[in-house]
Amino acid sequence: MSTYRETMKMIGAGRFAPAYLFYGDEPFLIEELSELLIRSYLGEDSGYGREKVEGGELTLEQALGRLGEDSLFSPRKLLQIDDPPYLAAKKSKSRGPTEEEEGPSDEGSGKKVAALLEEYIAREKAREIPSRILLFRAGAVDRRRRLFKLLGKEAVVVQCTPLRGNDLARWIREQVARRGKKIEPAALQRLLWSGENDLYCLSNELDKYILYLGEGENTITAAVVGELFSGDIKSTVFNVTDSLSEGKLDGALRALSLLDRKREEPLRVFFMLARHYRLLLAASSLRDEKIPPARHPRALGVTPFEARKVFGQSAAFDRKALEEII
């Protein structure tokens, strides 16, 4: 098994394997790895050397046969197979199949097909650079499958899972750097605070900020994120209270207007505001009692990141004012 970052570096350095399996719950990372592999391996021939099929269209034996055919337009060939059934979990009323339960007649999982795949990988590994690449992509796989175990030993297998915390922060910084810009820490914190971890949405957000900056500016600021972010209700409620703590009524009204345009239920917005002010009051009590930061998340019943943000924002409010607001 390889990590997403290890594989990105390996492909970027021009080190290719005969077979890859990218799978998991984060389709953006699967797509990103796939596109990098296709561009790096095929170069200008990517329009000719790449073939894409759905898993059910070909058996694995047929796929290996197709991969072995010569191409008139490209010396290299990459066959991409999406959602191959011979790697998916078998539907069963009780427990799933084990390797021992899979007989030779089972589609793609028999010893004969596994031997053909192993032979193909060994043949291509003998070359300095593989002349053929087999790319499997899937959402979920059955790790007990004979073929999965073979790929785990002989191929590059990457599990792509949703990014959180520091991994997500690093991904955002890298995405901004690839676009030739920078993001200031406060802007990054605002994005993380939003709770949005859909990479497609975040990628679109970053594109929007960079388009807004234009050529003369190089840094995404917290003000840009606050002005343009179209994220969830929790982050927008935070922007409302942030603006109010600074005496910026126009900023609070803009944030509420965004919720209105997104057709958020007014009652839900009201309860989210009430919840946030209760958290601010609780954080103010923690500050007065000098409770150590490590205990804040448990005391507030929120994540560590949210606890830090709420605790920091509570300093802008007088305790009596918070009680009156609630």
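The values are calculated or read from the model by the stated rules, or taken from the named source; none is laboratory data. As the structure is a prediction and not an experimental result, all values here were calculated from the model. Here the Cβ is made from the backbone with ideal geometry for all residues, glycine too, and neighbour counts use every protein chain on show. The protein model used for the area step is the full one, side chains on, heavy atoms only, and it has no ligands, DNA or RNA in it. Shrake-Rupley method; radii C 1.70, N 1.55, O 1.52, S 1.80 Å.
If you take the residues of segment 156-177 that are in contact with a Lys or Arg (Cβ under 9 Å, 6 or more places away or on another chain) and touching a residue at least 24 places away in the same chain (Cβ under 8 Å), which of them is least open to solvent (accessible area, probe 1.4 Å)? Out of the qualifying residues, it is Val176. Cβ separations smaller than 8 Å between residues 6+ apart or across chains give the following pairs from segment 46-60 residues that are touching a residue at least 60 places away in the same chain (Cβ under 8 Å) to residues that are open to solvent by 30 Å² or more (accessible area, probe 1.4 Å) and in a helix (DSSP H, G or I): Leu60/Leu116.
One residue stands out among those in segment 27-85 that are of a type in the set (A, V, I, L, M) and open to solvent by 20 Å² or more (accessible area, probe 1.4 Å): the one that is nearest to the chain's Cα centre (by Cα), which is Leu36. Quick one: would you say Ala315 is among the small types (Gly, Ala, Ser), closer than 21 Å to Arg190 by Cα and touching a residue at least 12 places away in the same chain (Cβ under 8 Å)? Here the answer is yes, as Ala315 does meet what is asked. Of the set (1) of a type in the set (S, T, N, Q); (2) within 26 Å of Gly24 (Cα to Cα); (3) at pLDDT 90 or above, all apply to Thr219 but (2). Comparison of Ile172, Ile133 shows that the only residue that is at pLDDT 90 or above, of a type outside the set (Ser, Thr, Tyr) and closer than 15 Å to Leu79 by Cβ is Ile133. For segment 86-121, the candidate set comprises residues that are at pLDDT below 75 and basic (Lys, Arg); within that set, the residue that is surrounded by the most Cβ atoms within 10 Å (Cβ to Cβ) is Lys90. Confirm whether Tyr20 is modelled with pLDDT of 80 or more, more than 25 Å from Pro162 (Cα to Cα), among the aromatic types (Phe, Trp, Tyr) and outside any loop (DSSP other than H, G, I, E, B). In short, no. Please list, ordered by first then second residue, the pairs with beta carbon atoms under 8 Å, 6 or more apart or interchain, first in segment 185-209 and at pLDDT 90 or above, second in a helix (DSSP H, G or I) and open to solvent by 50 Å² or more (accessible area, probe 1.4 Å). These pairs meet every condition: Leu188/Arg173.
Does any residue of segment 61-73 turn out to be under 26 Å from Asp142 (Cα atoms), among the basic types (Lys, Arg) and free of Cβ contacts under 8 Å to residues at least 60 places away in the same chain? Yes, that holds for at least one residue.
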